[in-house]
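The values are calculated or read from the model by the stated rules, or taken from the named source; none is laboratory data. Being a predicted model, the structure only gives us computed values, none of them experimental. Here the Cβ positions follow ideal geometry from the backbone for every residue, glycine too, while neighbour counts run over all protein chains shown. Each accessible area value is taken on the protein alone, full model and side chains, heavy atoms only, with ligands, DNA and RNA left out. Shrake-Rupley method; radii C 1.70, N 1.55, O 1.52, S 1.80 Å.
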Amino acid sequence: MRACRAGFVKREIMAEKTSYFYRIEPQCVDFTLNATIEAMGSYLLNTAGTDAQRKGFGVDVLSKENRAWVLSRMAIELDYRPEQYTDIEVRTWVNENGRVLSTRNFEVADKAGEIFCRAVSQWCLIDYAKRVPVGLSEIKDMCHYMCDAPSPCDTPHKILDVEPIEFTEHKVVYSDIDFNCHVNTMRYIVMMIDMLPIDLLRENRPLRLDIHFIHESRLGQTLTVGYVQRGETSLFEIKSDDGTIACRASVEWR
(Lines give C-alpha, C1' and ligand atoms only; values in the text may rest on other atoms or scores of the structure.)
Protein backbone atom coordinates (compact mmCIF):
# COMPACT_ATOMS: atom_id res chain seq x y z
CA MET A 1 0.00 0.00 0.00
CA ARG A 2 1.36 3.43 -0.88
CA ALA A 3 2.04 5.48 2.21
CA CYS A 4 -0.42 8.35 2.70
CA ARG A 5 0.08 10.87 5.46
CA ALA A 6 -2.04 10.23 8.54
CA GLY A 7 -4.82 12.72 9.18
CA PHE A 8 -5.67 14.50 12.38
CA VAL A 9 -8.86 15.19 14.30
CA LYS A 10 -10.01 18.77 14.25
CA ARG A 11 -13.62 18.78 15.42
CA GLU A 12 -16.73 16.71 16.00
CA ILE A 13 -19.48 17.39 13.44
CA MET A 14 -22.07 15.88 15.76
CA ALA A 15 -22.10 13.45 18.66
CA GLU A 16 -20.80 10.42 16.77
CA LYS A 17 -19.83 11.83 13.36
CA THR A 18 -16.22 12.91 13.21
CA SER A 19 -14.04 14.76 10.68
CA TYR A 20 -10.44 13.98 9.76
CA PHE A 21 -8.39 16.12 7.41
CA TYR A 22 -5.83 15.09 4.78
CA ARG A 23 -3.98 16.40 1.75
CA ILE A 24 -3.56 14.41 -1.47
CA GLU A 25 0.22 13.93 -1.45
CA PRO A 26 2.40 13.06 -4.49
CA GLN A 27 2.78 9.40 -3.47
CA CYS A 28 -1.02 9.03 -3.62
CA VAL A 29 -1.54 10.04 -7.26
CA ASP A 30 -1.03 8.31 -10.62
CA PHE A 31 0.28 9.56 -13.96
CA THR A 32 -2.79 11.81 -14.34
CA LEU A 33 -1.83 13.58 -11.08
CA ASN A 34 -5.16 12.53 -9.60
CA ALA A 35 -5.53 10.35 -6.51
CA THR A 36 -5.58 6.64 -7.24
CA ILE A 37 -8.58 4.50 -6.30
CA GLU A 38 -6.26 2.68 -3.91
CA ALA A 39 -5.23 5.93 -2.21
CA MET A 40 -8.83 7.02 -1.71
CA GLY A 41 -9.57 3.64 -0.14
CA SER A 42 -6.52 4.05 2.09
CA TYR A 43 -7.73 7.42 3.37
CA LEU A 44 -11.04 5.82 4.31
CA LEU A 45 -9.55 2.77 6.04
CA ASN A 46 -6.93 4.84 7.85
CA THR A 47 -9.75 7.05 9.10
CA ALA A 48 -11.71 4.01 10.29
CA GLY A 49 -8.70 2.75 12.25
CA THR A 50 -7.92 6.12 13.77
CA ASP A 51 -11.53 6.77 14.75
CA ALA A 52 -11.93 3.34 16.36
CA GLN A 53 -8.65 3.80 18.26
CA ARG A 54 -9.67 7.26 19.44
CA LYS A 55 -13.00 5.97 20.72
CA GLY A 56 -11.59 2.98 22.59
CA PHE A 57 -12.25 0.00 20.30
CA GLY A 58 -9.25 0.12 18.00
CA VAL A 59 -6.61 -2.48 17.26
CA ASP A 60 -4.48 -1.28 20.20
CA VAL A 61 -7.18 -2.41 22.64
CA LEU A 62 -8.54 -5.42 20.75
CA SER A 63 -5.13 -6.99 20.11
CA LYS A 64 -4.65 -7.44 23.84
CA GLU A 65 -7.57 -9.89 23.72
CA ASN A 66 -6.33 -11.49 20.48
CA ARG A 67 -9.13 -9.83 18.52
CA ALA A 68 -9.19 -7.61 15.45
CA TRP A 69 -11.56 -5.94 13.04
CA VAL A 70 -11.79 -7.63 9.64
CA LEU A 71 -13.29 -5.83 6.65
CA SER A 72 -16.05 -7.95 5.11
CA ARG A 73 -17.46 -5.71 2.36
CA MET A 74 -17.03 -2.17 1.16
CA ALA A 75 -18.62 0.14 -1.40
CA ILE A 76 -17.00 3.40 -2.55
CA GLU A 77 -18.65 5.93 -4.85
CA LEU A 78 -16.35 8.53 -6.39
CA ASP A 79 -17.62 11.46 -8.46
CA TYR A 80 -14.01 12.17 -9.44
CA ARG A 81 -10.48 11.48 -8.21
CA PRO A 82 -9.07 14.66 -6.61
CA GLU A 83 -5.91 16.34 -7.85
CA GLN A 84 -2.53 16.29 -6.14
CA TYR A 85 -2.28 18.66 -3.15
CA THR A 86 -6.06 18.90 -2.78
CA ASP A 87 -7.21 19.25 0.83
CA ILE A 88 -9.99 16.84 1.77
CA GLU A 89 -12.21 16.20 4.79
CA VAL A 90 -13.22 12.63 5.61
CA ARG A 91 -16.30 12.32 7.83
CA THR A 92 -17.03 8.97 9.44
CA TRP A 93 -19.72 7.43 11.61
CA VAL A 94 -21.08 4.05 12.71
CA ASN A 95 -24.86 3.77 12.34
CA GLU A 96 -25.63 0.07 12.63
CA ASN A 97 -24.37 -2.87 14.66
CA GLY A 98 -25.83 -6.30 14.02
CA ARG A 99 -24.91 -9.42 15.92
CA VAL A 100 -21.50 -9.70 14.23
CA LEU A 101 -21.37 -6.95 11.56
CA SER A 102 -20.76 -3.27 12.18
CA THR A 103 -21.53 -0.67 9.49
CA ARG A 104 -19.14 2.28 9.25
CA ASN A 105 -19.87 5.10 6.82
CA PHE A 106 -17.82 7.80 5.16
CA GLU A 107 -18.29 10.93 3.13
CA VAL A 108 -15.42 12.96 1.68
CA ALA A 109 -15.70 16.69 1.00
CA ASP A 110 -13.45 19.14 -0.82
CA LYS A 111 -12.19 22.42 0.63
CA ALA A 112 -15.49 24.10 -0.25
CA GLY A 113 -17.44 21.45 1.63
CA GLU A 114 -18.84 19.73 -1.46
CA ILE A 115 -19.12 15.95 -1.04
CA PHE A 116 -17.49 14.02 -3.91
CA CYS A 117 -17.04 10.58 -2.33
CA ARG A 118 -19.37 8.34 -0.33
CA ALA A 119 -18.63 4.93 1.17
CA VAL A 120 -20.15 2.19 3.32
CA SER A 121 -18.07 -0.53 4.97
CA GLN A 122 -19.09 -3.62 6.94
CA TRP A 123 -16.76 -5.04 9.58
CA CYS A 124 -16.61 -8.26 11.57
CA LEU A 125 -14.80 -8.70 14.89
CA ILE A 126 -12.69 -11.87 14.88
CA ASP A 127 -11.14 -13.91 17.68
CA TYR A 128 -7.85 -14.94 16.08
CA ALA A 129 -7.14 -17.77 18.51
CA LYS A 130 -10.49 -19.48 17.87
CA ARG A 131 -10.89 -18.21 14.28
CA VAL A 132 -14.53 -17.29 14.92
CA PRO A 133 -16.55 -14.05 14.89
CA VAL A 134 -17.14 -12.29 18.19
CA GLY A 135 -20.51 -10.78 19.09
CA LEU A 136 -20.39 -6.99 18.92
CA SER A 137 -22.23 -6.74 22.22
CA GLU A 138 -18.92 -7.68 23.87
CA ILE A 139 -17.34 -4.35 22.90
CA LYS A 140 -17.72 -2.12 25.91
CA ASP A 141 -19.26 1.33 25.31
CA MET A 142 -19.36 0.96 21.51
CA CYS A 143 -23.09 1.68 21.56
CA HIS A 144 -22.31 5.18 22.88
CA TYR A 145 -20.80 6.06 19.50
CA MET A 146 -23.74 5.00 17.34
CA CYS A 147 -25.06 7.72 15.07
CA ASP A 148 -28.55 8.00 13.59
CA ALA A 149 -27.30 9.55 10.32
CA PRO A 150 -28.18 7.27 7.36
CA SER A 151 -25.58 5.64 5.14
CA PRO A 152 -24.58 8.01 2.30
CA CYS A 153 -24.97 5.39 -0.47
CA ASP A 154 -26.22 1.85 -1.01
CA THR A 155 -24.67 -0.83 1.18
CA PRO A 156 -22.06 -3.07 -0.51
CA HIS A 157 -23.39 -5.41 -3.16
CA LYS A 158 -22.67 -9.12 -2.93
CA ILE A 159 -20.87 -10.21 -6.11
CA LEU A 160 -21.77 -13.74 -7.19
CA ASP A 161 -21.10 -14.16 -10.90
CA VAL A 162 -17.76 -13.09 -12.40
CA GLU A 163 -16.44 -15.68 -14.94
CA PRO A 164 -13.13 -13.92 -15.82
CA ILE A 165 -11.58 -14.18 -19.28
CA GLU A 166 -8.22 -12.51 -18.53
CA PHE A 167 -5.82 -13.68 -15.84
CA THR A 168 -2.54 -12.78 -14.21
CA GLU A 169 -0.64 -14.28 -11.28
CA HIS A 170 0.71 -12.51 -8.23
CA LYS A 171 2.94 -14.02 -5.55
CA VAL A 172 2.20 -12.61 -2.10
CA VAL A 173 5.35 -10.88 -0.82
CA TYR A 174 6.43 -8.70 2.08
CA SER A 175 4.94 -5.46 0.72
CA ASP A 176 1.51 -7.10 0.36
CA ILE A 177 0.91 -8.16 3.95
CA ASP A 178 -0.50 -6.59 7.10
CA PHE A 179 0.29 -7.28 10.77
CA ASN A 180 -1.43 -10.68 10.53
CA CYS A 181 0.71 -11.64 7.51
CA HIS A 182 -2.51 -11.56 5.43
CA VAL A 183 -2.81 -9.59 2.19
CA ASN A 184 -3.60 -5.96 2.92
CA THR A 185 -7.03 -4.79 1.73
CA MET A 186 -5.65 -2.14 -0.58
CA ARG A 187 -3.22 -4.57 -2.21
CA TYR A 188 -6.18 -6.56 -3.55
CA ILE A 189 -7.48 -3.35 -5.12
CA VAL A 190 -4.09 -2.63 -6.70
CA MET A 191 -3.93 -6.13 -8.21
CA MET A 192 -7.36 -5.67 -9.74
CA ILE A 193 -6.94 -2.10 -11.00
CA ASP A 194 -3.66 -3.13 -12.66
CA MET A 195 -5.71 -5.43 -14.92
CA LEU A 196 -7.70 -2.55 -16.41
CA PRO A 197 -7.05 -0.96 -19.82
CA ILE A 198 -5.05 2.22 -19.29
CA ASP A 199 -7.67 4.29 -21.13
CA LEU A 200 -10.20 3.61 -18.38
CA LEU A 201 -7.76 5.04 -15.84
CA ARG A 202 -6.70 7.98 -18.00
CA GLU A 203 -10.24 9.35 -17.83
CA ASN A 204 -11.29 10.75 -14.47
CA ARG A 205 -14.71 9.10 -14.60
CA PRO A 206 -17.24 8.72 -11.78
CA LEU A 207 -17.29 5.18 -10.46
CA ARG A 208 -18.63 2.82 -7.84
CA LEU A 209 -16.39 0.10 -6.41
CA ASP A 210 -17.89 -2.86 -4.55
CA ILE A 211 -15.53 -5.36 -2.97
CA HIS A 212 -16.42 -8.52 -1.06
CA PHE A 213 -13.70 -10.23 1.01
CA ILE A 214 -14.26 -13.96 1.32
CA HIS A 215 -11.05 -15.61 2.57
CA GLU A 216 -7.66 -14.34 3.68
CA SER A 217 -4.50 -14.83 1.60
CA ARG A 218 -1.09 -15.34 3.17
CA LEU A 219 2.57 -14.63 2.59
CA GLY A 220 4.07 -16.96 -0.03
CA GLN A 221 0.82 -17.93 -1.74
CA THR A 222 0.39 -17.37 -5.47
CA LEU A 223 -2.85 -15.60 -6.34
CA THR A 224 -4.67 -15.69 -9.66
CA VAL A 225 -6.33 -12.38 -10.51
CA GLY A 226 -9.20 -12.74 -12.99
CA TYR A 227 -10.91 -9.92 -14.90
CA VAL A 228 -13.78 -9.49 -17.34
CA GLN A 229 -15.36 -6.34 -18.78
CA ARG A 230 -19.13 -6.35 -19.18
CA GLY A 231 -20.24 -3.11 -20.77
CA GLU A 232 -19.50 -0.34 -18.27
CA THR A 233 -18.76 -2.75 -15.42
CA SER A 234 -15.36 -4.28 -14.63
CA LEU A 235 -15.57 -7.55 -12.68
CA PHE A 236 -12.77 -9.24 -10.75
CA GLU A 237 -12.14 -12.46 -8.84
CA ILE A 238 -8.97 -13.34 -6.95
CA LYS A 239 -8.20 -16.97 -6.04
CA SER A 240 -5.40 -18.51 -4.01
CA ASP A 241 -3.24 -21.34 -5.35
CA ASP A 242 -5.52 -23.95 -3.75
CA GLY A 243 -8.55 -22.58 -5.62
CA THR A 244 -10.05 -20.73 -2.65
CA ILE A 245 -11.73 -17.46 -3.59
CA ALA A 246 -10.11 -14.60 -1.68
CA CYS A 247 -12.29 -11.75 -2.92
CA ARG A 248 -14.57 -10.50 -5.66
CA ALA A 249 -15.09 -6.95 -6.81
CA SER A 250 -16.83 -4.80 -9.38
CA VAL A 251 -16.17 -1.30 -10.68
CA GLU A 252 -19.15 0.40 -12.30
CA TRP A 253 -18.01 3.26 -14.54
CA ARG A 254 -20.58 6.03 -14.64
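Test of understanding: what is the full-extension gain from residue 128 to residue 229, defined as 0.36 nm times their sequence separation minus their Cα-Cα distance?
Going from the current span to full extension adds 32.7 nm.
Give me the accessible area per residue for the chain, probe 1.4 Å, as a whole number in Å².
47
Of the cross-linked pairs 64/239; 17/239; 130/158; 17/171, which ones have a Cα-Cα span greater than 29 Å in the structure shown?
Beyond 29 Å: 64/239; 17/239; 17/171.
Choose one of 233, 34, 106: the residue whose Cα lies farthest towards the positive end of the charge dipole of the chain (beta-carbon charges +1 Lys, Arg; -1 Asp, Glu; about the Cα centre).
Projecting each Cα onto the dipole axis, the largest value belongs to 106.
Might you report the magnitude of the Cβ-based charge dipole of the range 29-87 about its Cα centre, with Lys and Arg at +1 and Asp and Glu at -1, to the nearest 20 debye?
Numbers: 6 positive and 9 negative charges, 84 e Å.
For the range 29-87, the charge dipole is close to 400 debye.
Just the number, please: carbon plus sulfur as a percent of the accessible area of the chain, 1.4 Å probe, no ligands or DNA/RNA counted.
So the carbon and sulfur contribution to the accessible surface is 51 percent.
Could you tell me whether the chain comes out rounded, prolate or oblate from its Cα gyration tensor? Rule is a ≥ b ≥ c as square roots of the eigenvalues, rounded for a/c under 1.5, then prolate if a/b exceeds b/c, otherwise oblate.
oblate
Please give the net charge around residue 92, taking every other residue with its beta carbon less than 9 angstrom from that of residue 92, where Lys and Arg add +1 and Asp and Glu add -1.
Numbers: positive: 17, 91, 104; negative: 51, 107.
Residues near residue 92 contribute +1 overall.
Within the range 106-177, list the trypsin sites (Lys or Arg not before Pro) lying in a DSSP loop whose Cβ has at most 12 other Cβ atoms in a 10 Å radius.
111, 130, 131, 140, 158
Using alpha-carbon pairs under 8 Å, 6+ residues apart, how would you state the relative contact order of the chain in percent?
On the way: 550 pairs, mean separation 45.3, N = 254.
Relative CO of the chain lands at 18 percent.
By the gyration tensor of its Cα atoms, with a ≥ b ≥ c the square roots of the eigenvalues, what is the shape of the range 118-204: rounded for a/c under 1.5, prolate for a/b over b/c, or oblate?
The shape class here is oblate.
When the solvent-accessible surface of protein heavy atoms is calculated with a 1.4 angstrom probe, in what order do 212, 144, 157 fall, highest first?
If we order 212, 144, 157 from most to least accessible, we get 144, 157, 212.
If a/c stays under 1.5 just call it rounded; otherwise compare a/b with b/c (prolate if a/b is bigger, oblate if not). Do that for the range 48-163, with a ≥ b ≥ c from the square roots of the Cα gyration tensor eigenvalues.
prolate
Per the helix-only calculation at 222 nm, which mean residue ellipticity applies to the chain, given -39500 (n - 2.57) for every DSSP H run of n ≥ 4 and division by its residues, nearest 500 deg cm²/dmol? Present the calculation step by step, with values, prior to reporting the outcome.
On the way: 4 runs with 36 residues, N = 254.
Estimated from H runs of four or more residues: -4000 deg cm²/dmol.
Residue by residue, what Karplus-based ³J(HN,Hα) values in Hz, rounded to whole numbers, does the range 113-119 have, using 6.51, -1.76 and 1.60 with θ = phi - 60° and x for Gly and Pro?
Whole-Hz 3J(HN,Hα) from phi for the range 113-119: x, 7, 7, 10, 9, 9, 8.
Between residue 178 and residue 222, what length comes free when the chain is fully extended (0.36 nm per residue of separation minus the Cα-Cα distance, one decimal in nm)?
Between residue 178 and residue 222, full extension yields an extra 14.2 nm.
Taking the Cα of residue 167, stepping 7 Å toward and past its beta carbon, and measuring to each backbone N in the range 198-223: which are under 17 Å?
Answer for this model: 221-223.
Might you report the magnitude of the Cβ-based charge dipole of the range 180-254 about its Cα centre, with Lys and Arg at +1 and Asp and Glu at -1, to the nearest 20 debye?
Details: 9 positive and 10 negative charges, 29 e Å.
The calculated dipole for the range 180-254 is roughly 140 debye.
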